[in-house]
Structure formats: structure tokens, C-alpha cells
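Worksheet for the structure shown next.
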Amino acid sequence: QVRLVESGGGSVQAGGSLRLSCVASGNTFSINRMGWYRQAPGDQRELVATISRGGAAIYADSVKGRFTISRDNAKNIVSLEMNGLKPEETSVYYCNAQAWNAALAVPYDAWGQGTQVTVSS
């Protein structure tokens with residue numbers, strides 16, 4: 001199985017920046033895409049950005065031009081640089097890995113424990 005540990009959350013004023021990082025361990029060779037989702041209280045978890053092994057990135061429309069996702073395959077790290085943060089982006093941010101369970105021959109999602117990002121106005 002894949003295990004994910006996030007770091008880098010915190011509090012920032014509107015317009016500020018934060019960088020999140022996530023380290024994967026375990027069966028990392030089975031990971032395809034990695035990325036970040038966020039969930040505010042009372043809301044559904046939503047996609048922020050994902051990136052393939054080859055570096056192809058997908059962003060939510062709301063973060064395009066402000067957030068940048070990157071990945072180091074050798075170190076099994078995915079990072080999210082967040083600039084121009086807005087108060088409405090206050091959420092718990094979760095690292096995600098889309099991996100393959102070879103024993104069961106099925107894909108599965110691995111999740112980190114989440115890291116809080118708070119943006120004050």
C-alpha cells in the first residue's frame with residue numbers, strides 16, 4: 001500500500017503564499033497520478049490539481065495561474081505552490097495518489113491525513 005504524509009499548511013493573509021509538500025512511501029512504483037484536493041467544513045472534497053508521472057498537470061479553473069503543482073519522482077514528492085490565496089480557499093488540503101493494487105488488479109486512491117490552510121482577510 002501507499003502511505004502519504006503532508007506538510008506545509010498554516011495561516012496566511014489574503015494574497016499570501018504557501019507551499020504544501022507530500023511524501024509517498026510504500027509501493028510507490030504503483031503510483032500513477034498524484035495531486036491535491038481540499039475540503040472546507042460542510043463542503044465536498046474538490047480537486048485542486050493533479051500531475052502525472054510525466055509531468056502533465058491538471059488544475060481546477062479557480063486556481064489556474066495562481067497555483068503550481070510539481071513532482072519529484074525520484075523522491076516520491078509532490079508539491080503545491082499556492083500564490084494569491086483567498087479567504088474562501090481556507091480548507092483542509094489532502095494529498096492524493098492514484099495507485100494500482102497488483103494483488104487485486106484494481107486501482108485505488110491513497111490519501112494523506114490532511115493539512116489545514118487558513119487564509120484570513
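Numbers at a glance
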{"item": "GNM flexibility winner over the chain from GLN39, GLN13, GLN98 (Cα, springs under 10 Å)", "result": "GLN13"}
{"item": "Where only C-alpha atoms are counted, convex hull volume of region 14-78 per residue in Å³", "result": "114"}
{"item": "The chain, accessible area per residue, ligands and nucleic acids excluded (1.4 Å, Å²)", "result": "51"}
{"item": "Percentage relative contact order, the chain, counting C-alpha pairs under 8 Å, at least six apart", "result": "36"}
{"item": "Two-decimal Rg to Rh for region 64-121 - Kirkwood Rh, Cα set", "result": "1.08"}
{"item": "Rh by Kirkwood over Cα pairs, then Stokes-Einstein D for region 1-52 at 0.890 mPa s and 25 °C, µm²/s", "result": "188"}
{"item": "All-pairs alpha carbon distance profile, region 22-121, 5 Å steps from 0, percent", "result": "3, 13, 24, 24, 18, 11, 6, 2, 1, 0"}
{"item": "Estimated FRET transfer efficiency when R0 is 35 angstrom, pair ILE58-SER120 (beta carbons, to 0.05)", "result": "0.75"}
{"item": "For region 50-97: span of alpha carbons on each principal axis (Å, largest first)", "result": "34, 20, 15"}
{"item": "Charge sum, other residues only, whose C-beta stays under 11 Å from SER62's C-beta, Lys/Arg counted +1 and Asp/Glu -1", "result": "0"}
{"item": "Alpha-carbon centroids, region 1-37 and region 52-121: separation in whole Å", "result": "6"}
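The values are calculated or read from the model by the stated rules, or taken from the named source; none is laboratory data. The shown structure was predicted, so the numbers you read here are calculated from the model rather than taken from an experiment. Heads up, the Cβs are rebuilt from the backbone with ideal geometry, glycines too, and the neighbour counts pull from every protein chain shown. The accessibility values were calculated without ligands, DNA or RNA, using every heavy atom of the protein model including side chains. Shrake-Rupley method; radii C 1.70, N 1.55, O 1.52, S 1.80 Å.
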